[in-house]
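Asks: Just passing along the structure, written as structure tokens.
The values are calculated or read from the model by the stated rules, or taken from the named source; none is laboratory data. What you see is a predicted model; the values in this text were computed from it and never measured. Neighbour counts run over all protein chains shown; Cβ positions are idealised from the backbone, glycine included. Each accessible area value is taken on the protein alone, full model and side chains, heavy atoms only, with ligands, DNA and RNA left out. Shrake-Rupley method; radii C 1.70, N 1.55, O 1.52, S 1.80 Å.
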There are 2 protein chains.
Amino acid sequence: MDRFPAADAPLYEVKANLFKGLSHPVRIRVLELLADTAEVTVTELMQGTNQEASNLSQHLAVLRRYNLVVAQRRGVQVFYRLAYPQVADLLTVARSLLQQLLHTTTQQLAGFSPPAGESVPSTAGAAVKEAPLR
Amino acid sequence: MDRFPAADAPLYEVKANLFKGLSHPVRIRVLELLADTAEVTVTELMQGTNQEASNLSQHLAVLRRYNLVVAQRRGVQVFYRLAYPQVADLLTVARSLLQQLLHTTTQQLAGFSPPAGESVPSTAGAAVKEAPLR
DNA sequence: TCATTACTTTAGAAGTCCATCATATAACGG
DNA sequence: CCGTTATATGATGGACTTCTAAAGTAATGA
């Protein structure tokens, strides 16, 4: 079992930052909108997320900080786009994982035993409606 | 531009939680070790991460809480494994993204202009040695 | 220059995260 | 039952995150 060399820590830190950028619902929504459309203005993102301007701006700053998006000002407007296509891939995989998770959770609530392990089923599935998944 | 229906919020919350589980270097390392080996004991994870027992335990609790791993006790030992294969996929995509990011960053430091946008290049690349990527 | 639009940053409160230290719990053999 | 091993949980302080409201900055046309 190889150890965790301290030399790798910065790389893991950068990777963790990528996931940090994705770890808020509004920011996921923003990235999904950007995955759908090449570039989007802040105003459009405000509408697509239902967030107030300053809140959204701070979320966008996080996404910029962690290299998930790039911004370009053209006149009065600022356009955002995904920094790398792999960001969209992360969303796609997460979607698939979520579907599995929901499936597993509903199975458990229906009385079927968990696949393996003794993990306690999450209650997230119970609170989650079968809304259309992206 | 479709809005962010409140009905979807719980689903986004669950998705955000998945990413939250991934947003710490030690937890990434744990998941990578689990992606390599079907199941691993806590002791082995302690060695592979260089973390003290209670710190690791708290990280493992986060991974359990967000449905990224499952635990199974057998006698004195507890074995951990990935809850879904898509977790490994997330790590794979992130690795590819990181490689792109590092490449972009080193290009910028070498004096080439950023691909698009006016985003400020991260200083992460400068701090990051070209250690072997997983 | 001024007013307006679009967007960002600041400040503060409340909540969350993380590492460390201490303690608790589960399993097992003597 | 007791001692030991393996692992989990609790408490705490400091750092970080998120939302709201206010203020600041950039661009533009009159």
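Asks: Take A:Ser54, project a point 7 Å from its Cα along the Cβ direction, then tell me which residues of segment A:24-42 have their backbone nitrogen under 20 Å from it.
Replies: Under cut-off, by backbone N: A:26-27, A:42.
Asks: Determine the order of A:Phe19, A:Phe79 by accessible area, beginning with the largest, at a probe radius of 1.4 Å. Write down the numbers at each step before the final one.
Replies: Details: A:Phe19 0, A:Phe79 40 Å².
Final ranking, largest accessible area leading: A:Phe79, A:Phe19.
Asks: Can I ask one more? Along Cα-to-Cβ, 7 Å out, sits the label point; list in nm, shortest first, how far the one on B:Arg95 is from those in the other copies.
Replies: Relative to the other copies, B:Arg95 has label-point distances of 2.4 nm.
Asks: I've got another one for you. Rolling a 1.4 angstrom probe over the protein chains, ignoring ligands and nucleic acids, what is the accessible area of A:Asp89 in square angstrom, nearest 10?
Replies: Looks like 70 Å² after rounding.
Asks: Divide, for segment B:6-83, the radius of gyration over alpha carbons by 2.2 N^0.38 Å, where N is the residue count.
Replies: 1.15
Asks: At A:Ala88 and A:Arg3, where each label point lies 7 Å from the Cα along Cα→Cβ, what is the point-to-point distance in nanometres?
Replies: Here the answer is 4.3 nm between the modelled labels.
Asks: While we're looking at this one, here's another question. Peptide A:37-43: average number of partner chain Cβ atoms within 10 Å per residue?
Replies: Partner Cβ neighbours, averaged per residue: 1.
Asks: By accessible area of protein heavy atoms, probe 1.4 Å, what ranking do B:Ser54, A:Ser96, A:Ser23 get, highest first? Please report the intermediate quantities before stating the final value.
Replies: Values: B:Ser54 60, A:Ser96 40, A:Ser23 15 Å².
Largest accessible area first, the list is B:Ser54, A:Ser96, A:Ser23.
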